[in-house]
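All remarks here apply to the structure that follows.
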Amino acid sequence: MSAIWGAISLEGKEISKETAVRMQQAYEIYKIDRIEDIQRENVVMGCGIQYFTKESRQEKLPIGRQDYFYTADVVLDNRSELLEDLELDEERVIPDGEILWRMYRKYGEECLKRLLGSYVFVVYNKKENTISVVSDATGTRCLYYRYEKGVFYFSTIIEALWRPGEKKKINERWVMDFLALDNLVGITECTETMYQGIFKVEPAHLIRIGKNGIEKECYWNPKPKQLKLKSDAEYKQKIIDIFGEAVRCLLRADKTGVMLSGGLDSSSITCFAAQELKKKGEILHAFTSVPDKKYQSDMSEFYVTDESEKAKKTAEFLGNVENHLIELKGKDPWTAHYKIKKALEIPYKSPQNMQWLIQGLQEAKKLGIRIVLEGGYGNVTISYGSPVTYLQTLLFQKRFLSYIREMNCFARKHHWGRREKIKIMFGMAKRYYFSKDTGEEISVLGRAYIKKEKVQKFMLEERLSKIYQKRAENRMDVEKNREIMLDWIQCSHKGEIKTKESLMTGVLFRDPCMDKRVIEFCLSLPMEQYCYRGVTRRLVREYFAGIVPDHVIKDERYGCQSADMLWKVKQNWSVVYQEMNDIFEKNRDSEFVDTKAAERDLKKIGEHNMEQDNFDFIRLFYTAMMLESIKEKDL
């Protein structure tokens, strides 16, 4: 796994040494173990190799052989299968980049059907004068590119794509969408970036660049038939086998870590990984976010703000897990954002989680851990299962007896009285049979700090209304709702952030919940496997019972990492307020942001003694970051 960059002239013009040096120098702030490059007339390719696996130390990239040039950012998950296919000895230390290259030379683009893992790669066929660029199925690794005057430039980071003295022209539509999405979602599509002329490779896409310009092809968009097994026991064994293999494939480093909360997804990953490592006499290092010891939560009992006790119980249950608590004592997210934003290159919307995740990776690196597992995609795969969507689907399918039975199960479980149950049932029926809307009040722009002129120019209300309306409608039907398992937008944005985090810390994040095999299996399951007889998120709660301890499975509360975010900001409020307010004041003439409204709300947060919803501060946080990034003088 590595960072890659390069420039290729399809007109045969020589790429200057200055270009090669400049692109490489852009990576100086990142944790790269070794840099290799090649320069051959019209081709420059570079690779910043990070030693995530033992094989990566032997990696020799880029490759320039005969009429082909190739570089890759890759960690493969099915090495044994691929080595067998290539008739290579599994005992030999063959780097993943070499395996992928051999697969490409043997099968061409057909090799994409056989690859499992996290990768993006570039191949230049000099004889045919064509370039191929490929991203893995779920876009876990990021690659940017620009194509102008017959030269194709590519890079894992944006900074390497700028020419000396070039002004960075902002993509206004991207900026306005980022600000107008008044939630933690950051983008509305996969290919564009914050800057004009710079694009991203989409998940599961192959890009060809040649005499016909740029052509794109989606090579993986599964629509599996519904899986019909004979018994519930067979479904259980199937998910255990598939998910277990997805986790096992990621345990390739000398030491492995995991981000462990008290929730279903990270606990499932921890349990499967620990069991596999125990067979080899190895331990698993678990990193858990905990609030400051002085913090006193005022949240309802429905939320768990300190999950250290649950993590400790999980470690004791497994026996070979070592806990590491990430407290971030004396640190606040605003002060930390300067360094993080520089590495990420774009504003981000989750300061409460970003800070402790980065800290966790840095602590892992100190312990010699180069791969850390996480389960951020689990909510839409292994722990998918909304009771509302399930019940609404039964209504839509006119399975009334099943609907009444299931409603009674949920009523007993949640202690609904007869009146409350009837009210809920009538409300659901009304939405489906007597109303054209979804029963939801959809806030399009919320309290986003954006100028009205831009709202009109980019038709924000119309475009976002369609997006929100489709999402709300999809929540009414399981089959439509399961589209979120293949949400390229979510995958693309996550891949962009996770790639930069690995460059920043020298530690690789991997999520088995995003494994192709796991997604395909989850897409094939009948809806009752997710939600049935009052049990939600069944794949974990019932099928992983015994593997995952009861104190996790039976606890239906929600974990809340970094619940002390506002409390920490309060401890340094005078500095945070001054710095954020200065940004708004200096950008009073912003054509994008209503800075007066932002200043007013920032002041209110202080006056109310930080007794606000966390997102009130987060909204101000990412708006200020955006103003920092825009640098309107360059427009």
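Just a few scattered comments:
- Every test in (1) open to solvent by less than 30 Å² (accessible area, probe 1.4 Å); (2) closer than 30 Å to Ile157 by Cβ; (3) aliphatic (A, V, I, L, M) is passed by Val478 save one, and that test is (2).
- Test: residue in region 117-136 that is over 18 Å from Ile63 (Cα atoms) and either in a helix (DSSP H, G or I) or hydrophobic (A, V, I, L, M, F, W, C) (or both): no
- Any chance Glu520 is open to solvent by 20 Å² or more (accessible area, probe 1.4 Å), among the acidic types (Asp, Glu) and touching a Pro at 6+ places or on another chain (Cβ under 9 Å): yes
- Within region 483-512, the residues that satisfy the criterion of being open to solvent by 10 Å² or more (accessible area, probe 1.4 Å) and over 11 Å from the mean Cα position of the chain (by Cα) are Glu483, Ile484, Leu486, Met504.
- The lone exception for Arg248 - which of (1) open to solvent by less than 20 Å² (accessible area, probe 1.4 Å); (2) at pLDDT 95 or above it fails: (1)
- Taking the criterion of being open to solvent by less than 80 Å² (accessible area, probe 1.4 Å) and touching a residue at least 60 places away in the same chain (Cβ under 8 Å), the only residue of region 393-404 that qualifies is Thr393.
- Scanning region 474-484 for residues that are in a helix (DSSP H, G or I), touching a residue at least 24 places away in the same chain (Cβ under 8 Å) and among the basic types (Lys, Arg) returns a single hit, Arg482.
- Screening region 428-459 for residues that are modelled with pLDDT of 65 or more, open to solvent by 80 Å² or more (accessible area, probe 1.4 Å) and among the charged types (D, E, K, R) and picking the one that is nearest to Arg399 (Cα to Cα) gives Arg447.
- Number of positions in region 11-36 that are buried (at least 19 other Cβ atoms within 10 Å of the Cβ) and over 30 Å from Lys366 (Cα atoms): 3
- Search result, residues across region 37-78 that are under 24 Å from Arg252 (Cα atoms), out of contact with any Ser or Thr (no Cβ under 9 Å at 6 or more places or on another chain) and open to solvent by less than 70 Å² (accessible area, probe 1.4 Å): Tyr51, Thr53, Glu55, Asn78
- Looking across region 164-218, the residues that are buried (at least 16 other Cβ atoms within 10 Å of the Cβ), among the β-branched types (Val, Ile, Thr) and in a strand (DSSP E or B) come down to Ile170, Ile207, Ile209.
- The C-beta contact set for region 458-473 (first residue in contact (Cβ under 8 Å) with a residue 40 or more places away in the chain, second residue surrounded by 15 or more Cβ atoms within 10 Å (Cβ to Cβ) and in a helix (DSSP H, G or I), distance under 7 angstrom, 6+ apart or interchain) comprises Phe458/Arg173; Phe458/Met176; Leu460/Met176; Leu460/Ala180; Leu464/Ala180.
- The set of residues in region 227-253 being part of a helix (DSSP H, G or I) and of a type in the set (A, V, I, L, M) consists of Ala233, Ile239, Ile240, Ile242, Ala246, Val247.
- Those residues of region 549-606 which are open to solvent by 30 Å² or more (accessible area, probe 1.4 Å), within 30 Å of Gly375 (Cα to Cα) and hydrophobic (A, V, I, L, M, F, W, C), in sequence order: Trp567
- For region 287-302, residues that are within 19 Å of Gln355 (Cβ to Cβ) and open to solvent by 100 Å² or more (accessible area, probe 1.4 Å) total 2.
- Sole exception among (1) in contact with a Ser or Thr (Cβ under 7 Å, 6 or more places away or on another chain); (2) part of a helix (DSSP H, G or I) for Thr389, by number: (1)
The values are calculated or read from the model by the stated rules, or taken from the named source; none is laboratory data. Worth saying up front: this structure is predicted, and the values here are computed from it rather than measured. Every residue, glycine as well, gets a Cβ built from its backbone with ideal geometry; the counts of neighbours run over all protein chains shown. For the accessible areas, the whole protein counts, side chains as well, though only heavy atoms, and no ligand, DNA or RNA atoms are used. Shrake-Rupley method; radii C 1.70, N 1.55, O 1.52, S 1.80 Å.
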